[in-house]
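Just below is one structure, and these are the notes that go with it.
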Amino acid sequence: MIEPSGVLGVSVVALGMVLTPGPNMIYLVSRSITQGRRAGMISLGGVALGFLMYLLAANLGLSVVFTAVPELYVTVKLAGAAYLAYLAWNALKPGGVSVFAPQDVPYDSPRRLFTMGLMTNLLNPKIAIMYVSLIPQFVDLGKGHVLLQGLLLGSVQIVVSIAVNLAIVLAAGTIAVFLARRPSWLKVQRWLMGTVLGGLALTLAADTSGPA
C-alpha cells in the first residue's frame, strides 16, 4: 500500500520535527522534572491524543478547509507564531530559566496534565504544518486508497514522535541534574532554545505562502 521510501521519508521528517525544541518538548520536560516521570508520561498521553486528532482531521479534509478559507489558515499560522514568540520571550527574558531547570510549580492533577499535554500539541504550529503540508507529499496517488495511505503514514509519524518524546520524559531528570552542575551550560541551553523558537516564530509569521 505504501512505499518503503515513503515510510522512510515520513520517519526522517518526524524525527527532525520532534528533536527541534518546541512547545511539546518544553511542556513534557518541565512536567517530568517538576512532578516526576509519571506526570510526564500522563502529559505524553495527551500529546499522543493530539497527534491522533490532527491525523484524522488532516486526512478527512483539513487541507481542503484551509484552501477554501485561506483566512482561517492565516489565523492559525499567526496564532502559532505568537505562541512560539511567547515561549521564546520566556526563555530569553531577564531572569528566564532553562526548560531543564527545576522549578517550583503547583501540583497538577492527572486530568489537568493530560489536558495540558493535549492542548499544547493542538496549539503546536509545527504539528499542524507537518500534517497539512509535509506528510501528504509522501502519498502516492498512483497506489490508490489515498485516505488509507495518509492514515498509515501519519501512524508512522506518531510512533516516531511518541518514542522520542518518551525517551525525553524518562531522561529529563538525568539531564536536569547534569546541567544543574554546570550553570553555564544551562544558560547556553536557554539562549539556544529561545533563539530557535524566536526564529521559528519569525519564519512562520513572515511566510506568505498559502496552504499546500
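The values are calculated or read from the model by the stated rules, or taken from the named source; none is laboratory data. For clarity, every value in this text was computed on a predicted model and none was experimentally measured. Reconstructed Cβ throughout: ideal geometry from the backbone, glycine too, with neighbour counts over all protein chains shown. These area figures cover heavy atoms from the full protein model, side chains too; ligands, DNA and RNA do not enter into them. Shrake-Rupley method; radii C 1.70, N 1.55, O 1.52, S 1.80 Å.
How many residues does the range 16-57 contain that are more than 14 Å from SER161 (Cβ to Cβ) and among the hydrophobic types (A, V, I, L, M, F, W, C)?
8
Can you tell me which residue in the range 66-77 is farthest from VAL29 (Cα to Cα), limited to those that are surrounded by 15 or more Cβ atoms within 10 Å (Cβ to Cβ) and either at pLDDT 70 or above or touching a Phe, Trp or Tyr at 6+ places or on another chain (Cβ under 7 Å) (or both)?
It comes out as PHE66.
May I ask you to say which residue of GLY150, GLY194 is over 24 Å from ILE42 (Cα atoms), modelled with pLDDT of 80 or more and crowded, with 20+ Cβ neighbours inside 10 Å? Let's see the steps before the verdict.
Working: GLY194 fails: modelled with pLDDT of 80 or more.
Answer to the selection: GLY150.
Cβ-Cβ distance below 8 Å, separation of 6 or more or different chains: which pairs start in the range 164-189 with a residue that is within 17 Å of TYR27 (Cα to Cα) and among the β-branched types (Val, Ile, Thr) and end on one that is at pLDDT 70 or above and open to solvent by 60 Å² or more (accessible area, probe 1.4 Å)?
Pairs that qualify, where the first residue is within 17 Å of TYR27 (Cα to Cα) and among the β-branched types (Val, Ile, Thr) and the partner is at pLDDT 70 or above and open to solvent by 60 Å² or more (accessible area, probe 1.4 Å), are VAL164/LEU15; VAL164/LEU19; VAL169/ARG37; VAL169/MET41.
For SER63, work out the one condition from (1) modelled with pLDDT of 80 or more; (2) within 20 Å of GLN157 (Cβ to Cβ) it doesn't fulfil.
(1)
Is it the case that ASN121 is at pLDDT 80 or above and surrounded by 15 or more Cβ atoms within 10 Å (Cβ to Cβ)? First the steps, then the outcome.
Details: at pLDDT 80 or above: yes; surrounded by 15 or more Cβ atoms within 10 Å (Cβ to Cβ): yes.
Yes; evaluated as a whole, the condition is true for this residue.
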